[in-house]
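Before any comments, here is the structure.
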Amino acid sequence: MYTRREALSTVGKFILVASTINITDVMAQEMDFRVIPPKQAQILQEGKAKMFCPVCGMTLPMFYKTNHAADVKGKTHQYCSIHCMHEEGMLNGEAVKSPQVVDNDTLKFIPAISAFYVVGSNKPATMATVSKYAFAQESSAQKFAKDFGGKVMGYEEVSKVVSEGLKADIKMIKKRQYKAAQMGEKIYQKVCKQTPQRFTSVADAKVYLQESGICGNLKGKEFQQVGLFLAGKGAI
């Protein structure tokens, strides 16, 4: 049983450690399989909004193990998921070019066309109801499927699954974004300096929040929620 002195010593040590690391980031990494430290993430796109998915605005390292990339009108775009990559292709009315995906063994990008995907594991899905994780080696994909469930597929088969479920997933996502944006409005009204600025993309809204500092140092879910609000995702 702890003495009072031992208990105070333990608390002191915890405060000392907490002062040197971001506890929220550590907890997120432990809780969510998709998260990696930002310094370890391979970011292929450029510009002020390079850390955010150009379609949904989510922070890329937070969903890194499902990240994809592709060429869009001569520029590389990086996405939180295969869903967002195909959604942008649909919005542009053309197939994405030179698709890439993160290899969950090396955490580096590889050509998606040669990757082995595990579809439907018990690991979290990104922007969809069914999870999709990729590997360069078929043996790694088979082991992942054995450990966590799911079916091993090639890129073409996975793309067909995504395309067939795209409209349903977009409908689901819009509902979630609407609720999140409404929460973002409450946070905005409570902690932010009011601004008339509004944006056409969540990524651009989040860049503005970072550069202007109007909401202080928002992180994680609250950062995304306010970004969704400023991008008009809470409008009916």
*Could you tell me which residue of region 82-105 is surrounded by the fewest Cβ atoms within 10 Å (Cβ to Cβ), considering only residues that are touching a helix residue (DSSP H, G or I) at 6+ places or on another chain (Cβ under 7 Å) and in a strand (DSSP E or B)?*
P99
*Only one of these is assigned by TED's automatic domain parsing to the domain that holds P61, in contact (Cβ under 8 Å) with a residue 24 or more places away in the chain and either in a helix (DSSP H, G or I) or loosely packed, with under 13 Cβ neighbours inside 10 Å (or both): Q189, Q224. Name it.*
Q224
*Subset of region 65-76 [free of Cβ contacts under 8 Å to residues at least 60 places away in the same chain and buried (at least 22 other Cβ atoms within 10 Å of the Cβ)]*: N67, H68, A69, A70
*asked:* Tally up the residues in region 88-123 that are at pLDDT below 95, on the phi < 0 side of the Ramachandran plot and out of contact with any Pro (no Cβ under 8 Å at 6 or more places or on another chain), please.
replied: 8
_What are the pairs with Cβ atoms under 6 angstrom where one residue, in region 91-111, is in the same structural domain as K65 (by TED's automatic domain parsing) and among the basic types (K, R) and the other, located anywhere, is surrounded by fewer than 20 Cβ atoms within 10 Å (Cβ to Cβ) and not in a loop (DSSP other than H, G, I, E, B)? Sequence gap at least six, or different chains._
K97/D71
*Could you check how many residues of region 192-221 are crowded, with 17+ Cβ neighbours inside 10 Å and among the charged types (D, E, K, R)?*
2
*Looking at M62, M85, which is the one that is in the same structural domain as V130 (by TED's automatic domain parsing), modelled with pLDDT of 95 or more, in contact with a strand residue (DSSP E or B) (Cβ under 8 Å, 6 or more places away or on another chain) and within 26 Å of E222 (Cα to Cα)?*
M85
*Of the residues that make up region 191-200, is at least one modelled with pLDDT under 95, of a type outside the set (K, R) and within 14 Å of F52 (Cβ to Cβ)?*
yes
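The values are calculated or read from the model by the stated rules, or taken from the named source; none is laboratory data. Just so it is clear, the model here is predicted, and its values are computed rather than measured. Please note: Cβ atoms are built from the backbone with ideal geometry, for glycine as well, and neighbour counts cover all protein chains shown.
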